[in-house]
Amino acid sequence: MYAFYSLLVYIFYTVFKKEEEDALETACGASSDESGSVSMETGCQRKDGHTSKRGKMASAQRNESSSSSDSDEMSLSDNDDDIAGPDIPACTPLAAFLSFKQEAEKRRASQVQLETPGKLSESPLVAVMSHLLTFLEQYSHFQQLQHQADQYRVQLKRHRVQHRRQMKALRASYRQRLRDKNSIITSLEEAISQQQTPSPLSEGEPSGDAGMQAGVHSLVESLYGLQGERSKLRGELRLLHSQLEQKERDRHSRIQAFQQQIDELKGCIEEREEELSRLRTATGATDSEKRVLCLSAENESLKQNLSVTQGLLQQLSTIPSQSSTMLMKENESLRSRIQQLELSLQQRSEQLSHLERRSEQSEWRRGEELRKREDRVRELQLELDREKGKEPVVKYVTQTVEVESPATLKHLSKARQRGELLSEKLANQNERCKQLEEQIRKSDEHSCNLQHKIAAYEREISKLREELLKEIGHLEEKKEEAVKAAANCSPQHFQNLQEQFFSLQTRLTALPPTLRCMKTDYASLRSQVRNFSDFYGAAISDAKKQISAAIIEMSEANKDLLEKYRKEVALRRKYHEQLVELKGNIRVLCRVKPVLKEDQQHNEGQPVVVTTDPNNESSLSVLNKGKGRVFEMDKVFHPQATQEEVFQEIEPLVTSCIDGYHVCIFAYGQTGSGKTYTMEGSVENPGINKRALKHLFSEIEQRKDMWSYTVTVSSVEIYNEVLRDLLSKDGEKLDIKINPDGTGQLHVPGLRVIEVKSFQHIKKILATARRNRITFGTQMNQHSSRSHALLCITVEGTDLATGSKTTGKLNLVDLAGSERVWKSGAEGERLKEAQNINRSLLSLGDVIQALRARQTHIPFRNSRLTYLLQDSLGKGSKTVMVVQVSALESNVGETLCSLKFAQRVCKVELGPASRKIECGGGMCD
Ligand SMILES: Nc1ncnc2c1ncn2[C@@H]1O[C@H](COP(=O)(O)OP(=O)(O)OP(=O)(O)O)[C@@H](O)[C@H]1O
């Protein structure tokens, strides 16, 4: 009866909810009348004061209804309060009803027991109801649990997605950092800003995610650390810029000071020249006057002598008896006069020879001076050239810094302009120096002419002297005759004699003007020579002093500059290393081959499936079967990229080889994709090999004042796993062995190693290696290289100041093309070749894989190629891989393979590169 009644009420309750609620309210009201502590809000309560299970369920239902309204926000909310009970619309009212009925039944049973004691205390209906209630309770609990589990699962999934997203972002940021410094900084900022915004996940998460949170925190910390490093680097860069500016200012001021000094010197020289010309004319005039005076005095005395002689003759003519004695006296005086004249002539000739000696000496001294000055000018020229030669270093720093900031770029362009101005000024100075030399040469020529004139005059004088002597002899003869005649002279004879005497007198008077003229000329010339040589000597000694002072100053300034240059080189090296380390010691570049005419002929209508992004230099996408795939590399060269552009990316590594690092550059890719073109290039457009060697020699030339270098070259090819020397004609099979010198390094006994002195020499060597390499035509490439070709350059340097030694190695490798055998149409010998090529490339992949996994054993010995490259592929080396790909759809499979391999290499870390430097007998880094 009760069961039926209960069922009926339940049906009413569920179908007509309102009525049921009313009924429930009534029932509860009745119950509350009895207990006095029941309310609709909290549900019905038992007499013992405990909240009934039904009440609990009702409150759970309320919670559920409140949480369900937020269900849309569930995915974003992490609040544990969101966990609510299951949706149980049917069982809750039933449970409420049953508990109500159970209470009523219990009350009724207790009344019955009171009325009829000894009867069964609990009816079966009550028992069933209690069972039902327990079941409902358990059911709702189960549903709650299930709901909670679902929510946990959703949360876990959400956490996992977010975690994966975060990890992806972090990985991307790290990769970005490796790509280049600027992008690292940006990505770090992004990552930091991401980490700085509080994540909703970080609060109230289950304890299972604590590990992940700790990981994230540690990453954030490391990012902060990197940010600090970045600001430190920026500070260092600023410091470098300011140092550079200071140096540039110093250099400029020094150059100005030199310029001023040189100008002053030139002014001095000009002044002196003017003075010289003035003095020359002035001295010439005074000397001539003096000579005229002197000679006129001499003339006067001669005249006096003559008049005396005349007087004597007259006396002779008047007193014939006394004439002979008189004549004899006159003869005596004439003889003495002649002797005097002879003496004076002798003295003069001695003076002349003395003068000649002096002029010769001054000439020799002047020649010496000139030679020294020429030497000094040459030295200065060399120093200036060296100064100019420093420009590239500044340029390099400029290039390195240009990457950093546009302000530095502006500053360095100004510095370059200043440098150009300086070199112009220096060229002008050289020009002026040359002009001065020209002037000196002219004055030398002039002095030579003067000496010639002096010599001519001297010859004339000696001729005249001879004539005079002859005349004197003649006169003496005549005098003797006259004396003899006078002894027995008749008046007639005496008259004859007188006539003869007068004629002689006239001849004697005719002589002096010629003699006077000659003497004047001679004396003026002599004084000119003496004055000129004295003045010239003084001017030269002055100029010498000034030049030597300027040279001393110059050499001191040069020392300073040299010191600064050394410091700059060291700084540049340091920053270069930091840059290379930031970029990573293994770098992967990708070059897309342009579609050439011959490619179009073979693959007519083939679409291009490889595209590069002009805004992103480090990604390229490949379209395969309608799906695009993006690959990230350190740098991607678009099909139109030039050989020069490719080399520019590699240039810093070539430089580091001179500094003592081991560097390996290899080209990898499908056959015909342009590996040989990139490494060797053509005659008119050379590739990496030639450009690297050219750069190497120009860098060595720049450093020759501080370092001496020896460059040696060898070249081998690996064909069918057999090693052959490409520089020897016999093509003997070679083997790789451990060097017996105890260094543990590898060497190839019998391999021809050539010392190279110049770039011209290397050209011939490269041509020989190219001729000897094995190539065949395949379906994919008409001149396919069937072997791996290695060009090994060793650079041994010695620091001239400290004596420390460095050994750098540069391995330039043109790998044989990877190919799909069916596609290349290889058969027989070609098939074996292709298999060998693919096997060795596979070994290279294995080595890279092992390096990537940081395995203790790296399988270098699995192929000749990897064994030979062991030095340059392992730890502490710098490696660049240029992946060559074709853009055509027919090659998409090979392109994808090559790019996947490249991506694997991208992830390899070789650790910091180490410099192979030997100081004091041992190796040190
Ligand atoms: N970037 C480029 N610009 C112009 N021509 C190119 C370029 N790359 C390759 N080539 C041309 O494509 C042809 C094949 O190139 P190359 O011989 O260098 O390929 P490869 O990868 O060395 O082939 P293999 O592995 O078979 O030796 C050559 O004629 C070369 O001149």
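The values are calculated or read from the model by the stated rules, or taken from the named source; none is laboratory data. Owing to the predicted nature of the structure, the values given are computational and were not obtained by experimental measurement. Every residue, glycine among them, receives a Cβ derived from its backbone with ideal geometry; neighbour counts consider all protein chains shown.
Going through the stretch 873-896 one residue at a time, which ones are more than 16 Å from the ligand (Cβ to nearest atom), in contact with a Ser or Thr (Cβ under 7 Å, 6 or more places away or on another chain) and in a helix (DSSP H, G or I)?
Leu873
Filter the stretch 744-771 down to the residues that are in a loop (DSSP other than H, G, I, E, B) and under 31 Å from the mean Cα position of the chain (by Cα), then identify the one that is nearest to Tyr709 (Cα to Cα).
Restricting to residues being in a loop (DSSP other than H, G, I, E, B) and under 31 Å from the mean Cα position of the chain (by Cα), the top hit is Lys757.
Just one of the numbered conditions (1) away from the ligand (no atom under 16 Å from the Cβ); (2) in contact with a strand residue (DSSP E or B) (Cβ under 6 Å, 6 or more places away or on another chain); (3) among the aliphatic types (A, V, I, L, M) is not true of Ile738; which one?
All conditions pass for Ile738, except number (2).
Taking the conditions exactly as written (among the polar types (S, T, N, Q), at pLDDT 70 or above and exposed (fewer than 15 other Cβ atoms within 10 Å of the Cβ)), does Gln492 satisfy them or not?
Yes.
Quick one: Tyr457 ticks every box in (1) over 30 Å from Arg371 (Cα atoms); (2) modelled with pLDDT of 75 or more except a single one, so which number is it?
Only one criterion in (1) over 30 Å from Arg371 (Cα atoms); (2) modelled with pLDDT of 75 or more is unmet by Tyr457, namely (2).
State whether one or more residues within the stretch 158-181 are out of contact with any strand residue (DSSP E or B) (no Cβ under 8 Å at 6 or more places or on another chain), at pLDDT 80 or above and over 30 Å from Cys906 (Cα atoms).
Checked against the condition, which is being out of contact with any strand residue (DSSP E or B) (no Cβ under 8 Å at 6 or more places or on another chain), at pLDDT 80 or above and over 30 Å from Cys906 (Cα atoms), the stretch 158-181 yields at least one hit.
Just to be sure before I move on: is Lys574 away from the ligand (no atom under 16 Å from the Cβ), surrounded by fewer than 17 Cβ atoms within 10 Å (Cβ to Cβ), modelled with pLDDT of 75 or more and charged (D, E, K, R) in the structure I sent?
When the stated conditions are applied, Lys574 does not pass them.
Does at least one position in the stretch 749-764 carry a residue that is at pLDDT 85 or above and within 16 Å of the ligand (Cβ to nearest atom)?
No, the conditions are met nowhere in the stretch 749-764.
Please find, within the stretch 782-805, the residue that is nearest to Pro652 (Cα to Cα) out of those that are crowded, with 21+ Cβ neighbours inside 10 Å and either modelled with pLDDT under 90 or within 14 Å of the ligand (Cβ to nearest atom) (or both).
Residue satisfying both the conditions and the ranking: Ala789.
Against the definition (among the hydroxyl-bearing types (Ser, Thr, Tyr) and away from the ligand (no atom under 13 Å from the Cβ)), how does Tyr709 come out, yes or no?
For Tyr709, the condition - among the hydroxyl-bearing types (Ser, Thr, Tyr) and away from the ligand (no atom under 13 Å from the Cβ) - is met.
Give me the pairs, please: first residue somewhere in the stretch 673-692 and without any contact (Cβ under 8 Å) to a residue 40 or more places away in the chain, second residue anywhere and more than 7 Å from the ligand (Cβ to nearest atom), beta-carbon distance under 6 Å, and either six or more positions apart or on two chains.
Gly681/Gln643; Gly681/Gly687
When you scan the stretch 638-666, how many residues do you find that are out of contact with any Gly (no Cβ under 9 Å at 6 or more places or on another chain) and either within 9 Å of the ligand (Cβ to nearest atom) or hydrophobic (A, V, I, L, M, F, W, C) (or both)?
Qualifying residue count, the stretch 638-666: 10.
Rundown of residues vs (1) over 29 Å from Leu382 (Cβ atoms); (2) surrounded by 18 or more Cβ atoms within 10 Å (Cβ to Cβ); (3) within 15 Å of the ligand (Cβ to nearest atom), yes/no style:
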position	(1), (2), (3)
Val630	yes, no, no
Tyr668	yes, yes, yes
Gly681	yes, yes, yes
Glu699	no, yes, no
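Any idea which of (1) surrounded by 21 or more Cβ atoms within 10 Å (Cβ to Cβ); (2) at pLDDT below 90 is the one Gly626 doesn't satisfy?
(1)
Quick one: Ile688 ticks every box in (1) near the ligand (Cβ under 8 Å from one of its atoms); (2) touching a helix residue (DSSP H, G or I) at 6+ places or on another chain (Cβ under 6 Å) except a single one, so which number is it?
(1)
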